[in-house]
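Here is the structure we will look at.
Nothing in this text is a laboratory measurement; each read-out follows from the coordinates by a stated rule. If you're wondering where the values come from, they're calculated on a predicted model, not measured in any experiment. Neighbour counts run over all protein chains shown; Cβ positions are idealised from the backbone, glycine included.
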Amino acid sequence: MAGMKGLKKQRRIQIVVMAFVALALSVGLIGYAFRDGINYFRAPTQVMEEPPAEGEIFRLGGLVEDGTLVRGEGETVTFDVTDGAYSVPVTFTGILPDLFTENSGMIGTGTYVDGVFVASEILAKHDESYMPKEVMDALKDTGVYVDPEDAEPGS
């Protein structure tokens with residue numbers, strides 16, 4: 001009987017050790033998968049006041065500033081993104097979304113290189129009244145955002 005108790009205890013220890021190894025492996029794999037997948041959002045004010053580290057991939061959002069959208073050769077486009085307080089120059093090579101226009105909300109993913117946000121991806125609003133939450137919060141912080149429902153008709 002004494003041998004049977006020791007065998008059960010040994011089996012329990014093995015199960016606990018295997019569960020710990022499986023948990024550690026799972027956490028490691030999840031961390032590895034997320035290493036490139038987590039991109040923090042920043043408003044133009046945050047980028048200008050605390051520039052991101054070189055090579056850091058992040059999301060920049062705000063309004064496309066009026067009069068700054070310039071289509072270059074090929075698929076290269078430059079424009080400025082603003083939150084009302086600061087503007088950040090952006091360059092993007094690729095095809096812009098259909099609803100991408102000046103004075104509309106956008107979020108771009110990319111890196112900050114020599115004072116210019118180099119976007120690898122651009123997302124635009126998907127209808128006239130939509131504004132990404134992060135962009136809306138950044139615009140509210142600077143006092144620029146006006147809720148479309150609060151705006152006067154015809155303006």
Item checked: Mean Cβ neighbour count within 10 Å, used as a protection proxy, ranking 63-76, 12-25, 88-101 highest first -> 88-101, 63-76, 12-25
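Please work out how much length the chain gains when fully extended from Asp141 to Val17, using 0.36 nm per residue of separation minus the C-alpha to C-alpha distance, in nm with one decimal. Present the calculation step by step, with values, prior to reporting the outcome.
Numbers: separation 124, 0.36 × 124 = 44.64 nm, distance 5.00 nm.
Net length gain for the segment: 39.6 nm.
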Next item on the list: Taking H placed 1.01 Å from N in the peptide plane, check which residues at least 5 places from Phe41 or on another chain put their amide H under 5 Å from its amide H.
Entry: Arg59
Note to self: Once R0 is set to 41 Å, what does the formula 1/(1 + (r/R0)^6) return for the Cβ-Cβ distance between Ile57 and Lys8, expressed as a FRET efficiency to the nearest 0.05?
What the structure shows: 0.20
Next item on the list: Per residue, how big is the convex hull around the C-alpha atoms of the stretch 4-76? Give it to me in cubic angstrom, could you?
Entry: 163
Next item on the list: Please work out how much length the chain gains when fully extended from Thr93 to Leu25, using 0.36 nm per residue of separation minus the C-alpha to C-alpha distance, in nm with one decimal.
Entry: 20.6 nm
